[in-house]
Amino acid sequence: MTDKQKPEVGSQKSEEDRSRGTLISVSGEDVHKRLDVLIAEKTGITRSQVQRLIKDGLVLVNNKTENQNYKVKTNDVITIHKPEEEKEILIPEALPINILYMDRHLVVVDKPSGMVVYPAAGHNRGTLLNALAYHCKKLATVGGPMRPGVVHRLDKDTSGVMVVALDDKAYYDLVEQFKKRTINRKYITLVYGNIKEDSGEIEMKIGRAVSDRKKMSTRTKRGKEAVTRWRVIERFDAATLIEAKLGTGRTHQIRVHFSAIGHPVLGDKTYGKKVEVEVKVEGKRRKIVFPRQMLHAETLGFIHPVTKEYIEFSSPLPEDMEECIKKLE
C-alpha cells in the first residue's frame, strides 16, 4: 500500500466501518488523552455531546465501553455510533382552540396566552400546530415539518389573532404580504409608567443582544430596521394602556422597543422585568402582580391569497388583561 493509499489517521473507515459507526484509530500523538477530549478533537462534536454518547453506551473502545476519563492507548480503536434520529412528525391533538375563520386555504385563530405556536426541542405536544393538525386535517406542505403553513408567530405568553396557511399558494402569498409590510397588525399592551406623549413612533434597529444571543436588543452590532407606531388609550398611576401598530415585524419588537424607551411591557420577565406595580387604594398601597406579559394581538388584516379581498379579524382582550386593568383603575 502506498502512502496515498493509506487511510488517514483519525478517520480510518471502510464501507463496513461506516455501517458500524465512525472509527478512530489512536496514533502516537494522541496516546494518554482523555477519551472524550480525543473524540471531540477528531470529530468536531462538542465535549458535552461526546460525554452523552459515552454515557448512552454509543462509544466503544476495542469493542468495550469505557468512561469519559479513560486514557487512550496506542492502537486503540474507538467506534462512535450515532443515535437514531427521531423522525419529526407533527402529532394531531384534539386541543380546544378558538377558530375565527377557516376555508380551504387558510385558518385564522385566537391564540391563548401560554400556548406555544409550534413544536420544538422539549415540547413536541400541546402546541397550536398540534391542535390545527387535528382540527384542519391538512396544512401547507411548506414552512418546515413541525411548522407547516406558519407565516408569522406570537410568543408563548402573547395572546391574540394569528393566520396559518392551509395550502402552499396561501403560504407563499401571505409570506410576501408580510415581507412587503402590507399586513395590518394592531396590538394592545400595558406598559410600565406613565407615558407623557399621546402618541409616537419608535424607530430603533433590532438585532441579537451581544450579551445574550437568545434575547433581542436595540443595542446591537447588526440590527435591522424596526418601526413601532403607538397611541395612548388610557393612563393609570403606574401604567399606560397602549395601542401599538407594527411597521415591521422583528422578533419581540414591541417588547424590545418599549423596554428601550423605559416603559417595558408589564409582566415581561425578559425585557424590563416589571412583573408588579404598587397602586394606592383608599389610602393604602397595594401590589398588582402581572401573571404574564400584558401583550395582545388584537387585530390582523390582510388580502386573501385567493379571493384578493381584504379581510380583517379582531380578538377582545383576554380575561387576565381585563382583570389587571380593573385593578389599575
Query raised in the report: With Cβ to Cβ distances under 15 Å as the rule, what net charge do the other residues near residue 174 carry (K, R +1; D, E -1)?
Result: +2
Query raised in the report: What FRET efficiency comes out for the pair residue 222/residue 104, r = Cβ-Cβ distance, R0 = 30 Å, nearest 0.05?
Result: 0.15
Report task. Please identify which residues in the range 268-306 have an amide N closer than 14 Å to a label point set 7 Å out from the Cα of residue 180, following the Cα→Cβ vector. Result -> 302-306
Query raised in the report: Name the GluC sites (Glu not before Pro) in the range 148-209 that are in a loop by DSSP and that have at most 13 other C-beta atoms within 10 Å, would you?
Result: 197
Query - Sequence of 252, 296 from largest to smallest accessible area, 1.4 Å probe - result: 252, 296
Requested in this report: Starting from the exponent 0.38 and prefactor 2.2 Å, build the expected Rg for the range 50-136 from its residue count and divide its actual Cα Rg by it.
Outcome: 1.87
Query - Accessible area per residue in Å² at 1.4 Å probe, computed on the range 61-212 - result: 55 Å²
Report summary line: Residues other than residue 71 with Cβ under 9 Å of its Cβ, Lys/Arg counted +1 and Asp/Glu -1, net out at +3
Query raised in the report: Dipole of the chain (Lys/Arg Cβ +1, Asp/Glu Cβ -1, origin at the Cα centre): which of 266, 70, 311 lies farthest to the positive side?
Result: 70
**Report entry** Fraction of accessible area attributable to carbon and sulfur, the chain (%, probe 1.4 Å)
**Finding:** 46 percent
Query - Selection of GluC sites (Glu not before Pro), the range 65-169, meeting DSSP coil and at most 11 other Cβ within 10 Å - result: 84, 85, 86, 88
Report summary line: HN-Hα couplings for the range 224-238 via Karplus (6.51, -1.76, 1.60; θ = phi - 60°), in whole Hz with x for Gly/Pro, come out as 10, 3, 9, 10, 10, 9, 9, 8, 7, 9, 7, 10, 10, 4, 10
Report summary line: Stretched fully, the stretch from residue 138 through residue 306 gains (0.36 nm per residue minus C-alpha distance, one decimal, in nm) 58.7 nm
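The values are calculated or read from the model by the stated rules, or taken from the named source; none is laboratory data. The shown structure was predicted, so the numbers you read here are calculated from the model rather than taken from an experiment. For neighbour counting, all protein chains shown are included, and Cβ atoms are generated from backbone atoms with ideal geometry for every residue, glycine included. Each accessible area value is taken on the protein alone, full model and side chains, heavy atoms only, with ligands, DNA and RNA left out. Shrake-Rupley method; radii C 1.70, N 1.55, O 1.52, S 1.80 Å.
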